[in-house]
Each structure stands twice: as C-alpha cells, then as structure tokens.
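A.B. asks: Here you go, one structure.
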Amino acid sequence: MYKQAVTKISRRNWFLVIFLGMAGQIAWNVNNVWFNTFMYSKITPDPRAIALLVGVSAVIATLTTLVMGTAGDRLGKRKPFIICGYLCWGLTIIVFPLSANIAITATAVAAAVTLAAVMTFFGSTAYDSNFNAWTTDISDQTNRGVLSSVINVLPLVAMVVGFGLGALIDLIGYTFFFYAIGLLVSITGLISSFLLKEISVLRKKSSAEVGGFFSHLFEVFSVETIKSNRELFLVFMALGLFATSAQVFLPYQIIYMEHFLMFSLTEAGLASAVGVLVAMFTAIPVGRLTDRGNGPVLSFLAPLLLATALWMVSFVRSIIPISIALAIGTAAYIMMLIVGIAWVKNLMPPQNRGQFEGVRMIFMVGIPMIVGPVTGSSIISRYGLPTISNGIEGFIPTPLLFQVAGTMVLLALIPLIVIRRGREKNVRQQRSA
C-alpha cells in the first residue's frame, strides 16, 4: 500500500504554534473561566450577568473572526493582525478588574461586559481568525491531524495553568492575577513580531478578483457555497451542537464546585486540572488516528463519552470521582475538537481559509456561547438554590445543569449520521456506475 509522505513543519513555525497558541489559550481560559467567577464573586451572583458576558463575547468573537479573517485573506497578510492583536489583547486583560470598582451593580456589569467584549475583539483578531488561518497555511492533509492535536493540547495546558492559578487567586486576589496574565500575552506578541514570517503563497487580492469587501464577506453564506461545501457545513453543525451542550455547564463549572460542592477555589482548580492532565495524554494518539483516516469513527465516540462524563459529574460529590469524571469529559471534548478541526481544515477552500475560520466561529463559538449559557442560566435561575452574595440575591447551580448538558450533547450525532449515510450512498452509486 502506498503511504503518503508527511510534510514537515519548520522548527520556527512549530515554536510559534506552541508559543503563540499557549499564550492565546491562557488568555481565553481567563476569559472563559475567571472572568465568570470574578463577575459572580466581585460584582453579582445573578447567573444572567454571566450569560450576558459570555453571550456578548461570543457575538464579538464571531463577527470579529469573520471580518478580520476575510481582511487577512484579501490583504494576503496574517502577521499584522496577529502581532497587534496580541499586544492589545494583553492590555485589555489588565484593565478588566477595574469594573469591580464601580459601586452601582448594573453599571459594573455593563463595564465588565464591555471590557470583555473589547478583549475578545483583539483576541479574535489575533487568534481565532489569523493565527488559526496561519496554522492552516503552514500545514497540509499529511500533518493536520498531529498539528490539530498539538493546537488542541494547548487549551488543556492552559486549563491546567489557569485552574492551578486558582490557588494564586486565593492568595493574592484577582487584580494581580489579571495583571500577570495580561503582561504575559502582550510580551508574547512583542517577541513573536521578530520571529513570525508571512507565508509566501499568500498574496493580496484585488476587488476585481473577489468583489467588494462586503460582497466577498457574505458570499460564504450563499446557497451555492453551502451546497458545494455540504460536508463541511455538516461538520460545522456537529461541532456546533457539541459545543452548545458544553457551554450549558462550562461557564458555571467552577461556581458549581465552589458553591454547591463547597470546594475552595484551590480544590475546584485542582479537580479540574487533574482531569485535564489525564485527558492530555489522549490528544496525540487521537491526532495520529485522525491522520490515518479514523476521524469519523472518533467523532461518534466523543459525544457518547461526554454524555457519560456529565451524568457522572451530576451524581458524585467528592474531589476524586469529580476529577475522574472531568478527565473523561475533557478527553471527549478534546477528541471532538481534534477530529473536527482537522476535518474542517481539510475541507476548507484554500482561497478562503480566513473567511471560513469566521464561519467555524459561528458554529463553534457564536451560537454555542449564546444558546449554551442562556440555557444554563435559565436552569440555574429556575431550579438552582437561592443565595445572597454581597447583599445581592442569586442562585447556585445544581446537578441538573450537567444532566441537561449530558443529554443535549447526543444531538451532535445527527449531522454525523447524515454525513455517514451520504458517503455510503456515494459509494453505492460509484459501484453501480
């Protein structure tokens, strides 16, 4: 059997993938976890405030990735967006804790949401649109599974670092924590400005080639484009349903452990970090299996594993079984990301990679981070335990949150079944031809 040679990625590019990717994922971990706990602990325990913060950030991230990804495609450049984005990204993280100094709760919530939105704009400009498109530019079908596994290990490492820093927050507070993370992200952008090189195959596109900016931007949503990329959009749907179910519980996971299970932030961070560490060992094998053509099979396994893990979380109460359940869930989550993102990158039209990163964001961030947290907030507000924090009424998440999410994730199997049946139909047609 002929075995296709694997294209090598240069050492410089591997370093930048890890260096930029690690700093970016630590920043996103701060946004996705500690911004939420900061809002709950320092501003208001009302879960609707967290849903608002997450939802607005998701909309900004999606729109930014779509627009800035298209801009990168048209200009034939990724570097300016990446470097400037990282520098400003760090600065906005440093400013975020100032929102808690506002005495009026509604104004403080508005300030926190606004600062998180600005942070998201720069983060999505740098990471979601142009860094992700750049990683596609430097790879091909022979190495994207392994590259995807490395890229998707980085969020796990960032989660370990971020959850581990829960102990640091217990010691020094949120403000200095945000200062340190923001400085790290900005310094990463500064150092990378000397190392990152533009890909030679990229070139500036004129309006005569691709039309005006907005016509080019919205062309990706045309019926013709969707029909000609049917499998790609079905994979997007599967990833979107999977991510939506995850966002039902993720913004409230630490809050659940701290306030329902009565863990300290150190214990909550440790339980999450141990689960992530165990799950990390699955990433590279999953990437290799994906490069060997086993991705579709793994994509069916991931929702089943996550559903099992979430139901386990809802029934256990101590740190060791919680860590085991989170390890299974995180492994399932990373499995779906590795398989799905490699699958998507292989199906993306080469001339529109930055633009399709924006479409990916709609399905993996925009819709999930609006629908998921709102669903979670509704469950908490209706079925949660009443509480008062800083004189403000709110609700504590209960196990039902994880049970609903564990059931919802099974919906991700539907588009995968459609893809499988479509492929089987094509095989039958080819045999009968």
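A.B. asks: Dipole size in debye (nearest 20) for the stretch 332-433 around its Cα centre, Lys and Arg Cβ +1, Asp and Glu Cβ -1?
C.D. replies: Values: 10 positive and 3 negative charges, 156 e Å.
Computed charge dipole of the stretch 332-433: roughly 760 debye.
A.B. asks: Projecting each Cα onto the charge dipole of the chain (Lys/Arg +1, Asp/Glu -1 at the beta carbon, about the Cα centre), which of Phe260, Ile370, Gly287 comes out farthest on the positive side?
C.D. replies: Gly287
A.B. asks: Using only the alpha-carbon atoms, how far is helix 11-29 inclined from the longest principal axis of the chain? Give it as 0 to 90 degrees, nearest 10.
C.D. replies: Roughly 40 degrees, rounded to the nearest 10.
A.B. asks: Something else about it: Specify which labelled value, from (i) 21.2, 73; (ii) 21.4, 64; (iii) 22.2, 74, agrees with Rg and Dmax of the Cα atoms in Å derived from the coordinates of the model shown.
C.D. replies: Of the listed options (i) 21.2, 73; (ii) 21.4, 64; (iii) 22.2, 74, (i) comes from this structure.
A.B. asks: For a quick check: with amide H placed at 1.01 Å from N, whose amide H comes under 5 Å from Ser389's, ignoring anything fewer than 5 positions away on the same chain?
C.D. replies: Amide H neighbours of Ser389: Gly394.
A.B. asks: Please get the size of the charge dipole for the stretch 1-106, origin at its Cα centre, with Cβ charges of +1 on Lys and Arg and -1 on Asp and Glu, quoted in debye to the nearest 20. Kindly include the intermediate steps, with their values, before the conclusion.
C.D. replies: Values: 10 positive and 2 negative charges, 132 e Å.
Here the size comes out at about 640 debye.
A.B. asks: Can you tell me how the stretch 214-327 classifies by the Cα gyration tensor, rounded, prolate or oblate, using a/c under 1.5 as the rounded cut?
C.D. replies: Prolate, since a/c reaches 1.5 and a/b exceeds b/c.
A.B. asks: Here's a follow-up. Name the longest site-free stretch of the chain, where the excluded sites are trypsin sites (Lys or Arg not before Pro) in a DSSP loop with no more than 16 other beta-carbon atoms within 10 Å.
C.D. replies: On the way: sites that count: Lys3, Lys8, Lys197, Arg203, Lys204, Lys205, Arg317.
Here the longest segment lacking exposed loop sites spans 9-196.
A.B. asks: May I ask you to sort Asp137, Asp128 by Cβ crowding, counting other Cβ atoms within 10 Å and putting the fewest first? List each step's numbers first, then the result.
C.D. replies: Numbers: Asp137 20, Asp128 27.
Placing the least packed residue first, the sequence is Asp137, Asp128.
A.B. asks: I need the phi-derived Karplus couplings for the stretch 408-422: 6.51 cos²θ - 1.76 cosθ + 1.60, θ = phi - 60°, integer Hz, Gly and Pro marked x.
C.D. replies: Going residue by residue, I get 4, 4, 5, 5, 5, 6, 4, x, 5, 5, 4, 4, 4, 5, x Hz, with x marking Gly and Pro.
A.B. asks: Here is a further query. In the chain, once you exclude exposed chymotrypsin sites (Phe, Trp or Tyr not before Pro) (DSSP loop, at most 10 other Cβ within 10 angstrom), what's the longest stretch remaining? Intermediate values should be presented prior to the final figure.
C.D. replies: Values: sites that count: Tyr2, Phe194.
In short, 195-433.
A.B. asks: Step through the residues of the stretch 336-348 one at a time and calculate ³J(HN,Hα) from phi using the Karplus curve (6.51 cos²θ - 1.76 cosθ + 1.60, θ = phi - 60°), rounding each to whole Hz and writing x for Gly and Pro.
C.D. replies: Values per residue, Gly and Pro as x: 5, 5, 4, 5, x, 5, 4, 4, 5, 4, 5, 8, 5 Hz.
A.B. asks: For the chain, modelled as a GNM with alpha-carbon contacts under 10 angstrom, which of Ala111, Ala412, Ala283 fluctuates the most?
C.D. replies: The residue with the greatest mean-square fluctuation here is Ala111.
A.B. asks: Any number yet on Rg/Rh for the stretch 297-433, C-alpha, Kirkwood? Show your work: numbers first, answer last.
C.D. replies: Values: Rg = 19.3 Å, Rh = 17.7 Å.
We get a ratio of 1.09 for the stretch 297-433.
A.B. asks: In terms of modelled amide H atoms, which long-range or inter-chain residues lie less than 5 Å from the amide H of Ser193?
C.D. replies: Long-range HN contacts for Ser193: none found.
A.B. asks: Here's another thing I want to ask about it. Charges only on Cβ, +1 for Lys and Arg, -1 for Asp and Glu: so what's the dipole of the chain about the Cα centre, in debye to the nearest 20? Display every interim value, and only then the final one.
C.D. replies: Details: 30 positive and 17 negative charges, 313 e Å.
Taking the Cα centre of the chain as origin, the dipole is about 1500 debye.
A.B. asks: On to the next question. Please label the shape of the stretch 63-108 as rounded, prolate or oblate, based on the square roots a ≥ b ≥ c of the eigenvalues of the alpha-carbon gyration tensor (a/c under 1.5 means rounded; beyond that, a/b larger than b/c means prolate, else oblate).
C.D. replies: Working: a/c = 7.67, a/b = 2.44, b/c = 3.15.
It is oblate, given that a/c is not under 1.5 and a/b is not larger than b/c.
A.B. asks: A further question on this structure: Picking from Val59, Phe38, Gly72, whose Cα lies most toward the positive end of the charge dipole for the stretch 31-79 (charges on Cβ: Lys, Arg +1; Asp, Glu -1)?
C.D. replies: Gly72
A.B. asks: Work from the charge dipole of the chain (Cβ charges, +1 for Lys and Arg, -1 for Asp and Glu, about the Cα centre) and give the residue of Ala133, Gln403, Val427 farthest towards its positive end.
C.D. replies: The one lying farthest along the dipole's positive direction is Val427.
A.B. asks: A further question follows. Normalised by the residues of the chain, what does the relative contact order come to in percent, with Cα pairs under 8 Å and at least six apart?
C.D. replies: Details: 704 pairs, mean separation 121.0, N = 433.
So the answer I get is 28 percent.
A.B. asks: Would you mind giving the three semi-axes, in whole Å and largest first, of the ellipsoid equivalent to the stretch 1-63 according to its Cα gyration tensor?
C.D. replies: Numbers: eigenvalues 303, 42, 20 Å².
Over the Cα atoms of the stretch 1-63, the semi-axes work out to 39, 14, 10 Å.
FYI, it's all coordinate maths here, none of it is from the lab. Predicted model, so just to flag it, every value in this text is computed and none were measured. Here the Cβ is made from the backbone with ideal geometry for all residues, glycine too, and neighbour counts use every protein chain on show.
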